[in-house]
């Protein structure tokens with residue numbers, strides 16, 4: 001297995017499980033989407049982390065469709081949905097994993 005694929009796979013799983021655990025806790029506590037943003041700004045540390053995540057997420061959402069088109073990936077919109085429905089910590093490494101697979105497939109066909 002390609003080292004990049006292995007790393008991206010592990011990161012995607014960690015992103016899914018790590019955020020999924022806390023997202024389920026939030027749902028069980030009755031917290032909604034607005035609460036994620038409100039609670040993300042309760043102190044300077046959480047505010048810094050929230051802004052950091054939001055800017056990185058927006059950069060990904062802006063870059064990803066162009067990169068997906070450039071390498072010939074289809075259905076790139078799915079990664080945007082995953083970003084906002086599940087987590088950026090899952091969608092970004094998943095995109096990198098699928099991008100690497102597409103690039104390797106292109107090399108094999110060349």
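Observations on the structure shown:
- Some residue of the range 58-79 being within 22 Å of residue 7 (Cβ to Cβ), out of contact with any strand residue (DSSP E or B) (no Cβ under 7 Å at 6 or more places or on another chain) and touching a residue at least 60 places away in the same chain (Cβ under 8 Å): no
- Considering the conditions (1) assigned to a helix (DSSP H, G or I); (2) closer than 29 Å to residue 106 by Cβ, residue 37 is excluded by exactly one of them, (2).
- Candidates in the range 72-85 are the residues that are surrounded by 15 or more Cβ atoms within 10 Å (Cβ to Cβ) and in a helix (DSSP H, G or I); of these, the one that is nearest to the chain's Cα centre (by Cα) is 83.
- Some residue of the range 44-51 being surrounded by fewer than 16 Cβ atoms within 10 Å (Cβ to Cβ), free of Cβ contacts under 8 Å to residues at least 24 places away in the same chain and closer than 20 Å to residue 9 by Cβ: no
- Any hit, the range 20-43, residues being touching a residue at least 60 places away in the same chain (Cβ under 8 Å), out of contact with any strand residue (DSSP E or B) (no Cβ under 8 Å at 6 or more places or on another chain) and closer than 20 Å to residue 84 by Cβ: yes
- Among the numbered conditions (1) at pLDDT 95 or above; (2) surrounded by 12 or more Cβ atoms within 10 Å (Cβ to Cβ); (3) in a helix (DSSP H, G or I), the only one that residue 25 does not meet is (2).
- Per the listing 88, 95, the residue uniquely more than 22 Å from residue 24 (Cβ to Cβ), surrounded by 15 or more Cβ atoms within 10 Å (Cβ to Cβ) and touching a helix residue (DSSP H, G or I) at 6+ places or on another chain (Cβ under 8 Å) is 95.
- Extreme residue, farthest from residue 58 (Cα to Cα), among residues of the range 86-110 that are outside any helix (DSSP H, G or I) and in contact (Cβ under 8 Å) with a residue 12 or more places away in the chain: 86
The values are calculated or read from the model by the stated rules, or taken from the named source; none is laboratory data. Quantities reported herein were computed from a predicted structural model and do not represent experimental measurements. Counting neighbours? That spans all protein chains shown, and the Cβs are built from the backbone with ideal geometry, glycine included.
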